[in-house]
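The values are calculated or read from the model by the stated rules, or taken from the named source; none is laboratory data. The structure displayed is predicted, hence computed values, not measured ones. So basically every Cβ, Gly included, is an ideal-geometry build from the backbone, and we count neighbours across all protein chains shown.
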Amino acid sequence: MLASPSMDNRKLLTLTLISSLVIQSASAFVVMVSDLGGSDIPDFLNANFTNITEVRQGNFADLSASASQDALNGTGTFAGGGAADLVIIGRDLSSSAYSGAGPSEYNALSIPVALFTSYIARPSRFGWHGNNAGENFSTIDDETTLTSAGTTFFGLPAGDVNWHESDGNDFNGSGESTDVGTGDILATIGGGGGTTAEILAAHWDVGDAPARQDIADPAGSSSFTFPGERLLFNLDNDGGDTFASLTSDGESALITGLSNIGGLTPVPEPSTAVFLLLPLSLVLLRRRR
């Protein structure tokens, strides 16, 4: 007859089951990242979300190129993992590469798209907001202000929050304009030292129109609306590190924003994980008795 598991083995089994429940998720999720940087965006995604099965990173500025289409549709080099569920355009890039025909192709995507810089959202690129990217300014002691739409979107109380702190480099590339079409400005930054408050984050739901419809529309019309959700969350790319300027609160806000538009499952907070796993622990205790 087989011996009963020892107490240590039971503890190990319990921990293994708990870890499995926390880490695994029911649905697969593929993220396509257009960025010239290193692995910081894939590392951030894999560390903060539980249901990502693949991150496809590369220079996908030309969405019509075969490599971009393969990353988008899960073909060629990326065969086997399925089509992308979310597109992220990072902060480490050349914005001029996203001019021309590329913007309309990205804007026509029915899956969610997130931008990490207004250099791509501005009128001469994607047309999401109505003016060019903002000036450089320091984020030291410069709080982020949530709008009423932002408090709802991020699930935070109204007021100022500290999402960015730069250690020497000036924050740059936020959106100067207050015009985002029928979308919502979620948060602004700046407003001190002679600068005006600029767009830090904005959101467009399905059916919302960007500020410059004629630029955003594949057909060049003035009645274009987004077929998928869009999120702008400006980051300050300090020294090639996409997330260098983010505080812990800023990082949490970005995680919430990406989760809200894309179906990503955030890693549970420790207290939440314990609460969710309490029933399993009670079952295992009953079995031991």
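Looking across segment 174-189, just one residue is at pLDDT below 90, crowded, with 24+ Cβ neighbours inside 10 Å and assigned to a loop (DSSP other than H, G, I, E, B), and that is Ser174.
With respect to the conditions (1) surrounded by fewer than 24 Cβ atoms within 10 Å (Cβ to Cβ); (2) modelled with pLDDT under 95, Arg91 falls short on a single one, namely (1). Residues that are on the phi > 0 side of the Ramachandran plot and in contact with a helix residue (DSSP H, G or I) (Cβ under 9 Å, 6 or more places away or on another chain) within segment 59-81 comprise just one, Gly76.
Only one entry of Ala108, Ala84, Ala65 meets the criterion of being assigned by TED's automatic domain parsing to the domain that holds Val30, aliphatic (A, V, I, L, M) and over 17 Å from Ile261 (Cα atoms), and that entry is Ala65. Kindly provide the set of residues from segment 36-63 that are at pLDDT 95 or above and charged (D, E, K, R), ordered by number. Answer for segment 36-63, where residues must be at pLDDT 95 or above and charged (D, E, K, R): Asp43, Glu54, Arg56. Quick check on this structure: which one of Ala83, Ala114, Ala79, Ala65 is of a type in the set (A, V, I, L, M) and crowded, with 17+ Cβ neighbours inside 10 Å? None of the others qualify; the one that does is Ala114.
Annotation note: Cβ proximity below 8 Å between a residue of segment 185-207 that is more than 10 Å from Thr144 (Cβ to Cβ) and a residue that is at pLDDT 95 or above and among the basic types (Lys, Arg) (sequence gap 6+ or interchain) occurs for His203/Arg230; Trp204/Arg230. Filter segment 62-107 for residues that are farther than 17 Å from Val31 by Cα and either aliphatic (A, V, I, L, M) or assigned to a helix (DSSP H, G or I) (or both) and give the result. Hits for segment 62-107 are Ala65, Ser66, Leu93, Ser95, Ser96, Ala97, Tyr98, Ala101, Gly102, Pro103, Ser104, Glu105.
For segment 91-120, a residue qualifies if it is of a type in the set (Ser, Thr, Tyr) and closer than 16 Å to Met32 by Cβ, and the qualifying residues are Tyr98, Tyr106, Ser110. When the residues of segment 202-256 are filtered to those that are aromatic (Phe, Trp, Tyr) and closer than 12 Å to Phe116 by Cβ, the one that is modelled with the highest pLDDT is Phe233. Is segment 11-30 home to any residue that is within 21 Å of the chain's Cα centre (by Cα), outside any loop (DSSP other than H, G, I, E, B) and modelled with pLDDT of 90 or more? Yes, because at least one residue in segment 11-30 is within 21 Å of the chain's Cα centre (by Cα), outside any loop (DSSP other than H, G, I, E, B) and modelled with pLDDT of 90 or more.
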